[in-house]
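No lab work stands behind these numbers, since they all come straight from the coordinates. Keep in mind it's a predicted model, so treat the numbers as computed, not measured. Here the Cβ positions follow ideal geometry from the backbone for every residue, glycine too, while neighbour counts run over all protein chains shown.
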Amino acid sequence: MLSAYLIHIAIIIVIYAILAVSLNVAVGYTGLLNLGHIAFFGIGAYASAILTKNDVPYTLALCASGIMASLFGWLLAKITAKLKGDYLALATLGFGFVVYAVMLNWTKLTRGPLGIPGIQKPNIFGWQITGAGSYLIFASVIALFIVLIIYRIVHSRYGKLLEAVRDDAIGAQALGKNIYHLKVQSMMISAFFAGIAGSLYAHYISYIDPSTFFLSDIIIIFTIVIVGGLASLRGSIIAAIIIIALPELLRFIDIPSSMIGPMRQMIYAVILILILMFRPRGIFGRIDLD
C-alpha cells in the first residue's frame, strides 16, 4: 500500500515538473508573466481525453494535446504580445478564467461539471500501460525527453534571444531581432509541453473535470518555479519534488482531514514568503523575481 502511494506521488511530481519547466520557458527565460499556464494543462487533458474517447490512438492524442495547447498559446500570445508586467499577468489570468468557463459550460463537449470519466490508459504501439509502476516509467521517459528538448532550446543561440527579450527587449529590437515573434514562439513552446503534461495527467487519473484546472492550482506551479529559481530547469525539477512531497507529510500527522487542504495552502504561502525574503533568486535561479 505504501509503495503504491509513493509511486502515485512520484507520478504527480513528474507531471508537475513538466508543468514547471515548461512555465519557466515563458516566465524565467523570456520574462512573460503567464498566470494562465494551468489553462494549457487543462486544454491538453481535455483534448487527449476527448480524442481517445472517440477511438483516436493515444500516441496521436498525446501529440494533439500538445498541438492544441500550443495553438491556444499562439492565440494568447497574439492578443497579449504588446502587454508587459502586471497588464500581461492580468490578461493571462483572464484567459485562464475564460478557458475554465468553457470547460464548465460547454457540456456537449466537456460534460461540464460532471467531467469525463473512464479515460483509458495509454496504449503505445501495443504496450498497454495499466499498472502505476509502468505509468511512472512511461511518464518519466516523456518528462526526460521534454527536459532535454527544453534544455537544448534554452542553451542554444535561440535561447539567448529569449533571454534578450527578458533582459533588454528594446536593445534586442534595436539589433534587428523580432521581439514579437520571439514572445509568441516562447508562449507556444511553453503551452505545448503543458498540454503534454495534461494528457499524462488525464490518462493517469482516468477522470477529469473543470475543478482540476481551476486557477488556484497555478499557485502550486508558480511556487515550484519561484522556489527552484527563474531560468533554472534543475531548480524546477528539484522544487517540484519538494513542493509536491512536503505537504504529503500532513497525511501522517493526526489532524482532521478537513484541515489538510487549508494547511497545504499555508505551507505553499510560508515557503513563498521565506524564499522571497531570504532567497529571491530561488534555490538555483540566476535572476531575481522583480
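Write down the Kirkwood hydrodynamic radius of the range 43-100, to one decimal in angstroms, obtained as one divided by the mean of 1/r over all alpha carbon pairs.
Evaluated on the range 43-100, it is 12.5 Å.
Compute the Cα gyration tensor for the range 224-290, then decide on rounded, prolate or oblate, letting a ≥ b ≥ c be the square roots of its eigenvalues: rounded whenever a/c is under 1.5, prolate when a/b is larger than b/c in the other cases, and oblate in all that remain.
The shape class here is prolate.
Along Cα→Cβ, 7 Å out, is where each label goes; now give me the distance between the ones at residue 234 and residue 6 in nm to one decimal.
The two pseudo-label positions are separated by 2.6 nm.
With Rg and the Kirkwood Rh both taken from Cα atoms, where does Rg over Rh land for the range 124-246?
Radius of gyration relative to Kirkwood radius: 1.03.
On the first, second and third principal axes, largest extent first, how far apart are the outermost C-alpha atoms of the range 4-54 in Å?
Ordered largest first, the range 4-54 gives principal extents of 36, 32, 13 Å.
Give the long-range amide H neighbours of residue 208: residues separated by 5 or more places, or on another chain, with amide H under 5 Å away, using H modelled in the peptide plane at 1.01 Å from N.
Hits under the 5 Å cutoff: 116.
Among 221-234, 149-162, 104-117, how do they line up from the highest to the lowest mean number of other beta-carbon atoms within 10 Å?
221-234, 149-162, 104-117
Hey, if you drop one equal point scatterer on each alpha-carbon of the range 2-214 and run the Debye formula without solvent, what base-10 log of I(q)/I(0) do you get at q = 0.08, 0.14 Å⁻¹?
The Debye formula, applied to the Cα set alone, gives -0.28, -0.82.
Could you run the Karplus curve 6.51 cos²θ - 1.76 cosθ + 1.60 with θ = phi - 60° over the range 180-193 and give me ³J(HN,Hα) per residue in whole Hz, x for Gly and Pro?
3J(HN,Hα) across the range 180-193, in whole Hz: 4, 5, 5, 5, 4, 5, 4, 5, 5, 4, 4, 5, 4, 6.
Lysine pairs in the chain with Cα distance under 14 Å, only those 8 or more apart or on different chains: how many are there?
7
Assuming 0.36 nm per residue, please report the length gained on full extension of the stretch residue 252 to residue 130 beyond their Cα-Cα distance.
Gain on stretching residue 252 to residue 130: 41.1 nm.
Considering the range 76-165, what Rg and Dmax in Å follow from its alpha-carbon atoms?
19.2, 48
Tell me, in nm to one decimal, what length is gained between residue 219 and residue 90 on full extension, where the rule is 0.36 nm per residue of separation less the Cα-Cα distance?
Roughly 45.0 nm would be gained on extension.
Could you list 214, 192 so that the one with the fewest beta carbons within 10 Å of its beta carbon is first and the one with the most is last?
214, 192
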